[in-house]
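Since the structure comes first, as structure tokens, the remarks are kept for the end.
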């Protein structure tokens, strides 16, 4: 699987390749997966065996491009359009602009709205959300007062997406709320263990990085480090699902191993409608899961 890393691709941009193991009845099958990205087309600068340099190859249904030829021009055009974003939907284009936070400008008529200066039809606006509920990650901050924000993403007058965000540590750090997943050890419970997470290739995490890069400070860095210490950060959904299987088979053993090593934050007494022991358990579990995730990645 590492052979392609030694080949000379144009621009040193290589396809992302990994193996996914499937079990079909009693048989184990390793499937080579080439991740669908926007960095197409991939092609070599030097000939390798029968693969000609600078030729672009495709596979259409069950037919590969002949090794001594290049793909049909319409297929090549499609791959270049994909790279340049010409096939992207408005929400995909907006997401690509998150990497260029310096090009977002605050509206002169509305301080709670930003627009992308090269395409001002794309805007991000926000307003405060009145909910006051706690999540376990609030207690990892110096100031754990809950504060929520509604983010709205527009293309012209069309709302493309709405996201709930949080203002952590007294407003020092802004982030979209992480997603929730969990693991069940029996058929009688939906989840016995829950955790919050981001996936690096997701809209939410790209927006998370956008907000941080737009409001960088030492206080924001500390608050972000505290936040990410209690949120699992996966490469993608595939890694998340593999880790869930790992939890199912390793939890009892590794929980006993790691629980004495973790130091959950102090949870103060809450109003009667909040259960302190519930947050205590969540904080302990996520720190154990972080150690398990580290072991999981190192054992791959």
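No value in this document is a laboratory result; all are computed from the given coordinates. Bear in mind the structure is a predicted one, so any value in this text is a computation, not a measurement. Glycine gets a Cβ as well: all are built from the backbone with ideal geometry, and neighbour counts include every protein chain shown.
With 10 angstrom as the radius, rank 195, 227, 84 by how many other C-beta atoms surround their C-beta, starting from the fewest. It would help to have the intermediate numbers written out before the result.
Values: 195 25, 227 22, 84 10.
Going from least to most buried by this count: 84, 227, 195.
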Matching label for the computed P(r) over Cα pairs in 20 Å bins from 0, in percent, out of (1) 25, 50, 24, 1; (2) 29, 54, 16, 1; (3) 30, 49, 21, 1, is (1)
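What ranking of 250, 266 emerges when the number of other C-beta atoms within 10 Å of each C-beta is taken as an exposure proxy, fewest first?
If I rank by nearby Cβ atoms, fewest first, I get 266, 250.
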For the chain, the longest principal axis of the Cα atoms and the Cα long axis of helix 218-228 enclose an angle in degrees, to the nearest 10, of 80
Expressed in nm², what is the orientationally averaged projection area of the convex hull enclosing the Cα positions of the stretch 3-83?
6.5
How high is the relative contact order of the stretch 3-83, in percent, with contacts defined as C-alpha pairs under 8 Å that are six or more residues apart?
23
Using a 10 Å cut-off around each Cβ, can you sort 7, 75 from fewest to most neighbouring Cβ atoms?
7, 75
Could you work out the helix-only [θ] at 222 nm for the chain, with each DSSP H run of four or more residues adding -39,500 (n - 2.57) and the total divided by the number of residues, to the nearest 500 deg cm²/dmol?
-9500 deg cm²/dmol
What whole number of Å gives the distance from the Cα centroid of the stretch 173-194 to the Cα centroid of the stretch 43-69?
44
In degrees from 0 to 90, rounded to the nearest 10, what is the angle of the helix 237-258 Cα long axis to the longest principal axis of the chain?
40
Counting only DSSP beta bridges with both residues in the chain, what percent are antiparallel, rounded to the nearest 5?
95
Tilt, helix 203-214 to longest principal axis of the chain (alpha-carbon atoms), in degrees rounded to tens, equals 70
Listed highest first by mean packing, meaning other Cβ atoms within 10 Å per residue, what order do 56-68, 209-221 come in?
209-221, 56-68
If you find the alpha carbon centre of the stretch 21-38 and of the stretch 102-167, how far apart are they in angstrom?
39
Just need the relative contact order of the chain here, percent rounded to a whole number, with Cα pairs under 8 Å and 6+ apart.
10
